[in-house]
Amino acid sequence: MAWEEWDQLKAHAAERQSAHMQLNQLDPGDGGRYVPPSGYGDLKVKNESLTKISKSAHDLYNQLWDKARVAVAPSDSAASDLSKQGFELGAGLQHVSNRWDQQLKSLMDACAQISNHLQVTKKLHAGDENFIERQMSSIDLLDAGFDERVGQPGDKNPVYGKKDEKKE
C-alpha cells in the first residue's frame, strides 16, 4: 500500500467519524464555542447584593403605600360628587380610580414578593453555606486523621496531638 493511499484512507475515516460525532446538547448560540464551567461554581450572589435589592423593593412598597394610595380616596369622592350632579365625567373618573387602585395593588404585591423572596433566599443560602462548611470541615479533619503523610517522614501526625511521656 502506498503512503498516498494510506493518507487518503485516514482522511476518509476522519471525515466519516467527524460527521457522525454529535454532542447531546443544544447549540448555545455563540457559534458552538465551548465555555467550560468555572471551578468555583457559576452562581455568585453576595448577601449584600440581595440585601440592597430587598431593601429597595421594601422602600418602594412603603413609598407606594404612603404616597400613591392617598390619591384613591379623593378621586372616589370627586367621582361620586360629579355623578350626583349629573356629570358623566363622574363614571369615567371612578373607572380611572378603580384601575389605579388595581394597578397599585398589583405593583405593591410585586414589591412585597421581591422583598420577601430575597429575604428567604438569603436565609436559605446562609443555611446551605453553613451546612456545606460543617460538612467540609468534618471531612478535612477526618481526612487529616487518616493521612499518615502529614508532616515530615517519621514524625507522628500532629492531628493526634503530642504523645504523653508518662505512659511509655
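A few remarks follow.
- Residue in the range 45-64 that is at pLDDT below 85, hydrophobic (A, V, I, L, M, F, W, C) and open to solvent by 100 Å² or more (accessible area, probe 1.4 Å) present: no
- Output for the range 82-139, where each listed residue is over 24 Å from SER56 (Cβ atoms), of a type in the set (Val, Ile, Thr) and either loosely packed, with under 11 Cβ neighbours inside 10 Å or under 36 Å from the mean Cα position of the chain (by Cα) (or both): ILE132, ILE139
- Of all residue pairs spaced 6 or more apart or on separate chains, those with beta-carbon atoms under 8 Å, a first member in the range 57-78 that is touching a residue at least 40 places away in the same chain (Cβ under 8 Å) and a second member that is open to solvent by 60 Å² or more (accessible area, probe 1.4 Å) are ALA57/ILE114; LEU64/LEU107.
The values are calculated or read from the model by the stated rules, or taken from the named source; none is laboratory data. If you're wondering where the values come from, they're calculated on a predicted model, not measured in any experiment. As a convention, Cβ positions derive from the backbone with ideal geometry for all residues, glycine included, and neighbour counts pool all protein chains shown. Just the protein is used for accessible areas: all its heavy atoms, side chains included, with ligands, DNA and RNA removed. Shrake-Rupley method; radii C 1.70, N 1.55, O 1.52, S 1.80 Å.
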